[in-house]
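Quick one: the structure is below, and I'll ask about it shortly.
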Amino acid sequence: MAFRGMQSFSTMAEEKKLFKVTIDNIPVEVEPGTTILNAARKIGGDVVPPAMCYYSKLQGSGGKCRTCLVKVSKGSDADPRPMPKLVASCRTTVMDGMEVANITSPEVLDARKGVVEFLLLNHPLDCPVCDQAGECDLQDLSYEHGTEATRYEFKRRTFEKIDIGDHIKLHMTRCILCYRCVFTADQLTNKREHGVLNRGEASEIGTYIKNSLDNDFIGNVIDVCPVGALTDRTARFKNRVWFLKPVDAHRDCDKCCGKTVLWMRGDEVFRVTARKDKYGEVEEFICDTCRFEKKEAKDWVVEGPRKVSRHSVISQGHYVGVHKPHETIREVMSGRDPKLLMNIHSVSEVNQPSVDLSKIDGPAHSTDFPKINGVQ
Amino acid sequence: MGRKLLLDKAHIEGIRYYDVYRKNGGYAAAEKVLKNMSPDQVTEEVKKSGLRGRGGAGFPTGLKWSFLAKPEGVPRYLVCNADESEPGTFKDRYLMEFLPHLLIEGLLISSFALGANRTYIYIRGEYAWIPDILEEAIKDAHKNGWLGKNIQGSGFDLDIYVQRGAGAYICGEETALIESLEGKRGNPRIKPPFPAVKGLWQCPTVVNNVETLAAVVPIINIGGDEYAKIGIGKSTGTKLISACGNLNKPGVYEIDMTISVEEFIYSEEYCGGIPDGKRLKACIPGGSSVPILPANLLLKTAKGEQRMMTYESLNDGGFPTGSMMGSGGFIVLDEDQCVVRHTLSLARFYHHESCGQCSPCREGTGWMKRVLQNIENGKGKMSDIDLLWDIQRKIEGNTICPLGDAAAWPVAAAIRHFRDEFEWHVNNPEEAQRHNFGLAHYADPLPVVAAAAAV
Ligand SMILES: Cc1cc2nc3c(=O)[nH]c(=O)nc-3n(C[C@H](O)[C@H](O)[C@H](O)COP(=O)(O)O)c2cc1C
Ligand code: SF4
Ligand code: SF4
Ligand code: FES
């Protein structure tokens with residue numbers, strides 16, 4: 001009997017009623033007030049709609065980019081009517097019994113394709129020279145949902161690049177107007193001095209953001225920016241993200257949590273950012289001192305390699321745990337050794353046989369080869 | 001003669017001023033309300049009248065009022081939407097210019113019903129001279145005890161403030177208006193929450209159009225039931241129509257919703273027909289956002305019935321063959337007008353007015369404008385027409401506020417009904433620079449069977 005009593009006691013304690021929702025036919029239970037997007041994130045995987053403007057740590061964010069549109073095919077158990085239009089999953093809260101279709105709805109996929117096309121319409125597509133390439137949400141989004149060619153035949157909108165202070169570069173041409181940086185500046189710093197100027201297609205991020213640069217947290221706008229519109233001037237053009245090795249590190253900081261990711265090559269710290277979760281959101285915001293001024297390995301306690309999704313291009317350049325290809329050249333040449341091709345990764349006569357390239361962090365660099373008679 | 005309830009005294013010399021307005025029965029409705037009625041009774045009367053919002057969407061006003069949240073100790077607000085910026089719409093301007101006290105009386109009654117002690121008139125920036133008229137009327141109403149503290153001894157307090165916009169169409173959208181009123185950038189809010197729960201300063205708020213609020217005065221004067229007897233079906237009472245374009249007598253007309261579209265265009269009482277004996281080609285019956293109709297579908301519905309100037313009849317056939325009452329901006333195009341150019345000028349407007357918050361509207365409106373520009377300038381391709389269709393389809397329904405839809409619909413309707421004209425522009429780029437496509441078959445009577453099949 002005691003057992004029974006305990007059981008009912010524990011169910012009473014858990015009495016917080018959860019809402020049952022299904023997303024693409026997968027059921028999940030979430031607390032009332034949860035958005036469809038967060039319910040989908042609870043399920044994880046393919047049913048999670050892409051989100052370019054929503055940012056869970058920024059109040060009021062979301063609703064703008066429209067990439068997260070989903071179909072509500074049943075409103076709730078109480079009112080089963082479907083919602084007449086697609087809704088922004090990041091700003092629509094679930095109801096008990098709601099049924100949502102994301103990737104199972106052709107209508108959603110079609111609309112999303114449209115949104116991606118709109119986002120790319122005026123985008124310069126300058127990924128080859130953009131620092132964000134490799135860790136850009138828009139790049140990922142367009143690979144997944146976009147089409148190869150644009151149907152836009154007109155001149156793209158351009159803006160001058162602006163230095164907003166010593167540390168941040170604003171390249172408005174790449175901006176997708178997600179407003180994340182506006183919320184960041186607004187919510188992390190004391191004064192609201194940064195916003196959107198002009199209207200419609202001519203909208204731009206207000207450059208009087210300059211004024212807020214004397215505060216300690218403005219650097220976070222770089223981390224929240226989903227594209228390469230706001231970049232770190234102390235790291236610009238220094239290296240490609242996929243050539244760098246991200247490591248978790250921390251230091252004692254009196255302004256912020258001090259927990260960061262260092263982007264390193266060898267002992268050199270190229271860039272410091274906040275730690276980001278799998279949805280690209282920072283785990284905790286960091287201060288400008290940590291971000292811009294602590295660029296020596298000795299400033300930090302390195303915890304170990306940062307886990308980055310295997311699919312991310314960032315993991316491409318690490319040369320750790322190299323896999324032997326299934327089809328070796330010898331195999332495809334029916335057992336014959338190649339005469340001209342050389343396996344430059346282990347014994348390179350062109351470089352130096354004495355240097356084992358697989359021991360080098362990242363790709364080989366001229367400094368990795370000791371000079372012999374002044375010739376590399 | 002149709003019945004007039006709003007403009008019946010508009011012709012009286014000096015009606016703009018308090019004394020004349022009062023002498024001609026003004027503030028009688030307010031007196032009645034403050035002396036003998038409770039707020040709920042007023043709302044009940046408005047519900048009975050069947051009054052529908054005159055700002056565009058046609059939502060029942062009484063119902064909207066009853067949705068207003070009424071938490072204890074939180075102020076409630078009434079906001080009068082006088083942003084009137086929809087191309088073709090200029091009826092609110094007429095009301096405010098000539099009958100400012102009618103609006104103030106309407107605001108007083110409505111604020112009383114809603115329990116709002118501070119009420120705002122948000123007026124379009126370009127109506128630069130009207131705030132002065134309103135301010136003077138407010139001052140005179142104060143002087144005569146119709147505003148301020150303890151109005152007419154009823155214990156009810158009310159102040160009315162006039163706020164000018166800075167000339168943005170988007171600030172007519174109710175949540176953008178509220179943002180702007182709060183001193184912020186006029187971006188529409190993401191809903192929910194709706195203004196009835198969290199509006200101005202995060203307090204429960206009702207936003208109504210000027211004409212809607214003015215119509216409350218005759219509703220109280222004659223009673224909701226009597227008001228509901230005017231008109232057909234759910235289109236009760238009278239409606240102001242601002243008629244423009246190729247008409248002999250453009251202007252603001254008050255119609256009771258019992259007349260046909262044909263009568264409105266051709267009768268001497270209203271627009272007096274089309275100048276120079278030209279023929280009717282097309283019409284946008286409810287302001288730039290609603291679908292354009294060719295003459296044949298405008299005068300008769302696809303079922304072959306006479307089309308009436310009512311919410312239901314104008315909407316008969318839905319998007320495929322109908323249009324909407326919208327804000328009552330009635331734009332008429334005669335046989336010499338070019339639908340492509342006309343569509344371009346609307347697309348240009350929406351491109352210019354998009355707030356830029358959401359990607360489909362921000363990017364899509366400019367794209368549509370540029371494609372239309374190419375077609376209009378003889379540089380169009382056949383595939384551009386389908387492209388336009390696809391762009392509008394991807395904007396519609398996928399945006400934060402209805403401006404996206406409003407930008408998509410005119411383009412969709414123009415292509416739907418005037419595709420021949422677009423194709424002619426593409427195929428005859430040089431000729432199209434010299435003259436227009438003309439009336440073509442757009443006024444030909446529709447064979448009823450075929451038309452019905454098209455639905
Ligand atoms: C882009 C846009 C512009 C609008 N402009 C106006 C306007 O100028 N005047 C107006 O009364 N309503 C306008 N509306 C409608 C308002 O959002 C709102 O529905 C209306 O003021 C409600 O009043 P009603 O119920 O009295 O019609 C606009 C809506 C949109 C989406
Ligand atoms: S600069 Fe970046 S964060 Fe700011 S609005 Fe543009 S894309 Fe978003
Ligand atoms: S639909 Fe257009 S006007 Fe409305 S919020 Fe989006 S961008 Fe702004
Ligand atoms: S993430 Fe939901 S609209 Fe942008």
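Could you please report the charge total around B:L387, scoring K, R as +1 and D, E as -1 over all other residues with beta-carbon less than 10 angstrom from its beta-carbon?
Local net charge: -2.
Quote to one decimal, in nm, the extra length available between B:T258 and B:W389 on full extension: 0.36 nm per residue of separation minus the C-alpha distance between them.
Here the segment from B:T258 to B:W389 would lengthen by 43.6 nm.
Which percent of the Cα-Cα distances in region A:123-237 go past 16 Å?
That fraction is 60 percent.
Hey, another quick one. Could you give the accessible area per residue of chain B, probe 1.4 Å, as a whole number in Å²?
Computed with neighbouring chains in place, this is 37 Å² per residue.
Note the full-extension length gain between B:E430 and B:K23 as 0.36 nm times their separation in residues minus their Cα-Cα distance, in nm to one decimal.
Roughly 140.2 nm would be gained on extension.
Gain in length, A:N190 to A:E31, computed as 0.36 nm per residue apart minus the alpha-carbon separation, to one decimal in nm?
54.0 nm
Starting from the Cα of A:R233, step 7 Å along the direction of its Cβ; do the same at B:E126; then give the gap between the two resulting points in nm.
Each label point lies 7 Å from its Cα, and together they span 4.2 nm.
Which residues, if any, in region B:355-373 lose at least 50 square angstrom of accessible heavy-atom surface (probe 1.4 Å) when the other protein chains sit next to their chain rather than the chain being alone?
B:Q357, B:S359, B:R362, B:E363, B:W367, B:R370
Can you tally the net charge around B:G366? Count Lys and Arg as +1, Asp and Glu as -1, for every other residue whose Cβ sits under 10 Å from the Cβ of B:G366.
+3
In region A:46-87, what residues drop by 50 Å² or more of accessible area when the other protein chains are put back, versus the chain on its own? Use 1.4 Å, and skip ligands and nucleic acids.
Checking the loss per residue gives A:K64, A:R66, A:K85.
Next question, about the same structure. What share of the DSSP beta bridges in region B:18-229 is antiparallel, in percent to the nearest 5?
10 percent
Provide the FRET efficiency to the nearest 0.05 for the B:E136-B:K249 pair, computing r from the beta carbons and using R0 = 35 Å.
0.70
Can you give the local net charge around B:D159? Use residues other than it whose beta-carbon is closer than 10 angstrom to its beta-carbon, Lys and Arg +1, Asp and Glu -1.
+1
Based on DSSP, what percent of beta bridges with both residues in chain B are antiparallel, to the nearest 5?
For chain B, the DSSP antiparallel bridge percentage is about 45.
In percent, what relative contact order does chain B have, based on Cα pairs under 8 Å that are 6 or more apart in sequence?
It comes to 16 percent, rounded to a whole number.
Using the heavy atoms of the protein chains and a 1.4 angstrom probe, tell me the accessible area per residue for region A:92-140 in square angstrom.
Heavy-atom accessible area per residue stands at 35 Å².
If you don't mind, another one. With r defined as the distance between the Cβ atoms of A:C127 and B:K379 and R0 fixed at 45 Å, what FRET efficiency is calculated, to the nearest 0.05?
With a Förster radius of 45 Å, E is 0.90.
Measure off, as a whole percent, the carbon and sulfur share of the 1.4 Å-probe accessible area of region A:17-119, all protein chains present.
Reported share for carbon and sulfur atoms: 55 percent.
Describe numerically, in nm with one decimal, the distance between label points set 7 Å from Cα along Cα→Cβ at A:K42 and at B:K4.
It works out to 6.2 nm between the two label points.
Quick one: if the Förster radius is 56 Å, what FRET efficiency do A:K295 and B:S66 give, using the C-beta to C-beta distance and rounding to 0.05?
0.35
Quick one: 3J(HN,Hα) in Hz for region B:111-117, Karplus 6.51/-1.76/1.60 with θ = phi - 60°, rounded, Gly and Pro as x.
Coupling constants for region B:111-117: 4, 4, 5, 8, x, 9, 9 Hz.
Which residues of region B:179-210 bury at least 30 Å² of accessible area once all protein chains are present, versus their chain alone (1.4 Å probe)?
For region B:179-210, once contacts with the other chains are taken into account, B:R185, B:I190 lose 30 Å² or more.
Over region B:35-165, what percent of the accessible surface lies on carbon and sulfur atoms, probe 1.4 Å?
49 percent
What total accessible surface area, summed over both chains, is buried at the interface between chains B and A, computed with a 1.4 Å probe and given in Å² to the nearest 100?
About 2900 Å² of accessible surface is lost on pairing.
Continuing with the same structure: Calculate one ³J(HN,Hα) per residue across region B:129-140 by plugging θ = phi - 60° into the Karplus curve 6.51 cos²θ - 1.76 cosθ + 1.60, and present them in order as whole Hz with x for glycine and proline.
Each residue of region B:129-140 in turn: 8, 6, x, 4, 4, 5, 4, 5, 5, 5, 4, 5 Hz.
Output wanted: per-residue J couplings in Hz (rounded whole) for region B:276-286, from phi through Karplus 6.51 cos²θ - 1.76 cosθ + 1.60, θ = phi - 60°, x for Gly and Pro.
So the Karplus estimates, Gly and Pro as x, are 6, x, 5, 9, 6, 9, 7, 7, 10, x, x Hz.
Pull up all non-local amide H partners of A:V196: gap of 5 or more, or a different chain, and H-to-H distance under 5 Å with H placed in the peptide plane.
Distant-sequence amide H within range of A:V196: A:G206.
For the protein assembly as shown, what is the percent of antiparallel DSSP beta bridges, rounded to the nearest 5?
Expressed as a percentage, antiparallel bridges in the protein assembly as shown total about 70.
Sticking with this one: Using amide H atoms built in the peptide plane, which far-off residues or other-chain residues are under 5 Å from A:T231 H to H?
Hits under the 5 Å cutoff: A:K169, A:H171.
State, to one decimal in nm, how far the label point of B:D225 lies from the label point of A:E160, with both points 7 Å from Cα in the Cβ direction.
Distance between the two pseudo-spin positions: 7.2 nm.
The values are calculated or read from the model by the stated rules, or taken from the named source; none is laboratory data. Being a predicted model, the structure only gives us computed values, none of them experimental. As a convention, Cβ positions derive from the backbone with ideal geometry for all residues, glycine included, and neighbour counts pool all protein chains shown. Note: areas computed on protein heavy atoms with side chains; ligands, DNA, RNA excluded. Shrake-Rupley method; radii C 1.70, N 1.55, O 1.52, S 1.80 Å.
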